Every structure is written in C-alpha cells, then in structure tokens.
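Have a look at the structure below before the remarks.
Here, each number is a calculation from the coordinates, and none is a lab measurement. Keep in mind that what you see is a predicted model, and the values were worked out from it rather than measured. So basically every Cβ, Gly included, is an ideal-geometry build from the backbone, and we count neighbours across all protein chains shown.
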Amino acid sequence: MDNTIHIAFCFDQNYSMPCGVSMTSICENTPGPICFHALIAGNVTEDAKEMIGKAVSTHGNQVVFYEIDEKKIENLSEFMYFSKSVYYRFMIPELLPEDVTRVLYLDSDVLCVKSLRPLWEIEMDDGVPAAMAYDSGCSNVKFHNRTGIPLTRPYYNNGVILMNLTCWRKEEIAMKCIKSMEENHFVLVDQDAMNVVIGERVKSMPLQFNCQIRFMITPEDDWMLEKDKYFDQIREAINDPALIHYTESVKPWHQNCQFAKDWLKYKAISPWKKTPLPQNMIKGSFHLFLEEVKDFDAAAVEAIAFPMLSFTSRLSLRHPRIYVLLRKTLWYLARRKGLVE
C-alpha cells in the first residue's frame, strides 16, 4: 500500500522563500515519503524552483511543479487586494494526477513542528469533501451575517485543508466555489466561498494542525465568548502544536517580527539561510513596503494608514458592501499611484 503523503502549495515568487521554509519544516518533522505539489505563478524563477527542489530532495522527498495557465483565469474577477492567485487552490483537483485522491493543501505561512502523518491518516467518509479547523478570528456574528452561515455552524479556516479529491472532482466543488466568489460580496473571498459551498459537510480538524498564531499571542482573557466551546482545544493546540499558522498581517519572515523564533530556526537549516528578510509592511490589508513608498515619507503613510484601516475595519461590521466598494477604490488608487505592484 502506498503511504506517500501528498501536500499542495500555491504561490508566486514573493512567497517562494516562505513556502520553501515551510517545506523544510515538514520534511524535518514528518516521516516520508512525501510528494509536494507546487502550483506556481509564471513569475517563479528557475533559481527559486531549484532551491525548493534542494530543500525537499535533501530529505529523500520530491516536488512536482505545475505552472498555472493564466489564460484559464484571465476572465475571472479580481478581489480588492487579493490577486488572481486566490483561484489557484481551486485548480488542485484538475491539475493533480487522477490517482491522487487525497491531498493536504497548506498556505505558505504555516510551519510544521510535529509530524503531519496523524493528520494525513484522518478518516473521512466518501461524501465528506474536506477536513478543516475552526477559524480563530471569524467565528462571530458579523462573519455569519455576511455569508449567511447559521450561528450553529462553525466558520472554518481554509489555510489547512485535507481535501477528498474524489469528492471534489465528482461534485465539481471547485467550480461551485468560484461561482460563489463571483456572485457574492465576500471579504475573505475564497474562504467565505468554501464555507458557504461545503461548510455543512466539513469534518472538523483538531486545532493542533492549524494552530493560528492569534491563539498564541492573544491573552486567554481576551478570547471571544463564542469560542468557549473550543477553549480546551485551543489550550491543547498552544501546548502541543503540529502546524503553526501565521495568520496575522505581519509574518515571521518580516524583520523584527515578535513571534518569528520557531520559523527562523527552520530558515537557518534551509537553502534560504543566507537570504535577508524583507522590511516590515504597514499593518493591515495594503501590502505597502515602506522603502518603496513614493511621493511622501513613510511616517506620513503610517499616520494615514492606521486610522484608515481602523475605520474600514469598523465599517465592515455594519456596511459590508460599502466596505468592499471602498477597499476596491483604495486599492485601485494605490495601484495608479504606484504604491503597490
């Protein structure tokens, strides 16, 4: 019996180093064989692919690259600050070989600190499309109101997904998610869509396999009341995590990140050990690197950005459609001004 673990990542050149460090941590802590499936944008360089291949093959594992045909998504909508790479994970069922019937999808901002084999071996019924974990910041009224998901149902984080590809292919779930994204005013577009389309049939994943960093940096007294049924799971995940998920806007590969210690340990044993870390980004949704800001200084940007992001966050609670329109407008203006790529 083939006991190969299949793991999928989707990324562009900007995330090639974080993804490579994530793969390194998986190889260090999870017994193989492991086959990584990398769905990549056209801007990923040959050097980046070579380094990723080195990180994986050093441990006796393999990686297969799938360059995304951008023509397949050129007519699909763009969503605020999300690039069209948000669609990549929905191409996994189509691009992976038919004989791969299960795959573990991971965001590039995860770090493995314990074996993933117990996660891989979770049992799922044939009609269950995925296993996912509760989302640390989204199980509250505003997210349920926006998506129409009943409060009696959890809202799941889709940064770690154990996918039943047989079910996804048979029911064309990827196309249903894309259609939902196109037809609704979602904020967390792909995650909202996946919760709407398959949330009722998701198998709950232990939080130790998606230990979102907010659990670890938020004092227990500040945990929201609606999380009380998860408190024991959260404590267990914090004390014994298998996958740490860096869900905050500041990532461990940014300079002076407060919670980068574990991530930097694996970077130091990866092919990227000598690669310098990028500068911190302004906190919030707009990915503006301070050293690249034009026409006005970084202090001015920060002074404007923080109140603006705070205001838009409050606006999203009461008027989500106006919030979406405002974000689209601000993102368009930032691009026109050359502040973002």
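Select from the stretch 1-77 those GluC sites (Glu not before Pro) which occupy a DSSP coil region and have at most 13 other Cβ atoms within 10 Å, ordered by residue number.
Values: sites: E28, E46, E50, E67, E70, E74; in loops: E74.
In loop regions of the stretch 1-77 (DSSP not H, G, I, E or B), the sparsely surrounded GluC sites (Glu not before Pro) are E74.
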**OP:** Could you list Y156, Y66, Y15 in order of exposure, starting from the residue whose Cβ has the fewest other Cβ atoms within 10 Å?
**Re:** Y66, Y15, Y156
**OP:** Return the whole-Å distance between the Cα centroid of the stretch 157-222 and the Cα centroid of the stretch 93-110.
**Re:** 14
Original post:
Of K49/K274; K54/K261; K71/K251; K203/K273; K114/K176, which pairs sit farther than 26 Å apart, going by alpha carbon to alpha carbon?
Top reply: K71/K251; K203/K273; K114/K176
**OP:** Could you check the simple spin-label distance between A268 and E28, using points 7 Å along Cα→Cβ, in nm with one decimal?
**Re:** 0.9
Original post:
Residue separation times 0.36 nm, minus the C-alpha to C-alpha distance between F231 and T4: what's the value?
Top reply: 78.4 nm
Original post:
How high is the FRET efficiency between E172 and N43 when r is their beta carbon distance and R₀ equals 45 Å, given to the nearest 0.05?
Top reply: 0.95
Original post:
Of L111, L95, how do they rank once you tally other Cβ atoms within 10 Å and put the fewest first?
Top reply: L95, L111
**OP:** Give me the percent of DSSP beta bridges within the stretch 95-252 that run antiparallel, rounded to the nearest 5.
**Re:** 75
**OP:** Please give the contour-minus-distance gain from K54 to R117: 0.36 nm per residue of separation, less the Cα-Cα distance, rounded to one decimal in nm.
**Re:** 20.5 nm
